[in-house]
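Let me begin by presenting the structure, written as structure tokens, before commenting on it.
The values are calculated or read from the model by the stated rules, or taken from the named source; none is laboratory data. Note that the coordinates shown come from a computational prediction; the quantities given were computed from them, not determined experimentally. Neighbour counts are summed over all protein chains in view; Cβ atoms, including those assigned to glycine, are modelled from backbone coordinates with ideal geometry. We work out accessible area using only protein heavy atoms, side chains counted, and drop any ligands, DNA or RNA first. Shrake-Rupley method; radii C 1.70, N 1.55, O 1.52, S 1.80 Å.
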Amino acid sequence: MSSFRSGIAAIIGRPNAGKSTLLNRLLGEKLAIVSPKPQTTRNRILGAVSRPGAQLLLLDTPGIHQAKGELNRFMVDVALGAIDEADLVLYVAEAAIDARGNVEPGETAEQIAKRLRAAGKPVILALNKCDRLARPVLLPIIDTWRKLYPFTQIVPISALKNEGLDLLEQELTRLLPEGEPLLPADQLTDAPESFFVGELIREQVLRSCREEIPYSAAVVIDHFDESEREPLEERPGKALSGLVRIAATLFVERDSQKAIVIGKRGAMLKSIGEKSRHEIERLLGAHVYLSLLVKVEPRWSERVDGLGRMGYRR
Ligand code: GDP
Ligand code: MG
């Protein structure tokens, strides 16, 4: 009789490597928000892949970088902390090489390698974005990575194009310890719905605004009223039923930023609100009434208590 395997894999890597895209692909659901901007992911996000013989709990994490500022330090701590929580590590890096033959900016790669050595857990390297690469370039990239760290396995993938992901999942599952499932098979994550609602709003802010706004933006859910919600089993197909009333505050750090996210005659805020409402309705399967306010909380990203107010707690 074959025995069940279950365990936790921490997805780590530099900002923008494609960690969140990969999490969503392996889950087959959009759980983590994705954007072309660095530092999109701020928390550890758990996604459970439940298969007949195994349960793989993936932890998506913020990008590891040379952190300046309290929010960045918090994010790097979250990422490195996930390594300690995990049975194995999935290191995601862009399959790229620069003119000098370097595959990653040195300092961060060193920092990560040191931490991985100390943890002593199996590490799979997923070389992502292979869709951008000509095949012959891949071999020297793999060789260079091999010299940097004794990876258990190196798997070239494209998270965006869904290439190499079956093999990657097989390799991850093979390394899981034997054990009972850690979560019920129908449970996708451990965070409450309201967390993902806040993330969907922040995603629209990231998509709509440029420059310093994404880093300074945080969303707090003030009110999540489900009293008019209907049980999901009763909705035919993907139709929305029932109503959820949500009140949220979008925090920025300066008056000038507040003016930008509100926009001319409120046009920007209206568009952010409408787009996020559609996404939230899809997530909840219910109609959503969303009231969205903008407030200034000066320098919240520079202070531990400011971070705590936005829900970023160690
Ligand atoms: P994270 O910061 O590591 O979580 O990266 P994201 O998942 O947010 O992705 C960063 C950017 O890279 C987004 O614009 C993605 O669409 C893009 N991306 C992710 N995976 C791939 C891939 O396999 N190929 C290409 N070309 N782009 C990708
Ligand atoms: Mg991410």
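Per-structure values
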quantity: Selection count where residues are away from ligand 1 (no atom under 16 Å from the Cβ), under 19 Å from GLU253 (Cβ atoms) and charged (D, E, K, R), scope segment 35-93; calculated: 3
quantity: Qualifying residues in segment 241-256 (those that are assigned to a loop (DSSP other than H, G, I, E, B) and not polar (S, T, N, Q)) - the one surrounded by the fewest Cβ atoms within 10 Å (Cβ to Cβ); calculated: ARG254
quantity: Every residue from segment 126-162 that is within 14 Å of ligand 1 (Cβ to nearest atom), at negative phi, outside any helix (DSSP H, G or I) and touching a strand residue (DSSP E or B) at 6+ places or on another chain (Cβ under 6 Å); calculated: ALA126, LEU127, ASN128, VAL155, PRO156, ILE157, ALA159
quantity: Of the criteria (1) more than 9 Å from ligand 2 (Cβ to nearest atom); (2) at pLDDT 95 or above; (3) among the hydroxyl-bearing types (Ser, Thr, Tyr), which one SER20 fails; calculated: (1)
quantity: Checklist (1) surrounded by 13 or more Cβ atoms within 10 Å (Cβ to Cβ); (2) of a type in the set (A, V, I, L, M, F, W, C); (3) over 30 Å from SER291 (Cα atoms) applied to ALA185, failing item; calculated: (1)
quantity: Test result for LEU182, more than 20 Å from the chain's Cα centre (by Cα) and farther than 23 Å from THR41 by Cβ; calculated: no
quantity: Enumeration of residues in segment 119-164 that are touching a Pro at 6+ places or on another chain (Cβ under 7 Å), surrounded by fewer than 17 Cβ atoms within 10 Å (Cβ to Cβ) and closer than 19 Å to ALA9 by Cα; calculated: THR152
quantity: Residue in segment 97-108 that is touching a residue at least 40 places away in the same chain (Cβ under 8 Å), within 28 Å of LEU200 (Cβ to Cβ) and either among the hydrophobic types (A, V, I, L, M, F, W, C) or open to solvent by 10 Å² or more (accessible area, probe 1.4 Å) (or both) present; calculated: no
quantity: Residue check for LEU90: part of a strand (DSSP E or B), free of Cβ contacts under 8 Å to residues at least 60 places away in the same chain and surrounded by 22 or more Cβ atoms within 10 Å (Cβ to Cβ); calculated: no
quantity: Scope segment 269-307; condition part of a strand (DSSP E or B) and of a type in the set (A, V, I, L, M, F, W, C); matching residues; calculated: VAL288, LEU290, LEU292, LEU293, VAL294, VAL296
quantity: Among residues of segment 1-31, those that are within 7 Å of ligand 1 (Cβ to nearest atom) and touching a helix residue (DSSP H, G or I) at 6+ places or on another chain (Cβ under 6 Å), counted; calculated: 1
quantity: Any helices (runs of 4 or more DSSP H) falling wholly within segment 163-240 and containing at least 3 residues that are among the hydrophobic types (A, V, I, L, M, F, W, C); calculated: 165-174, 193-208
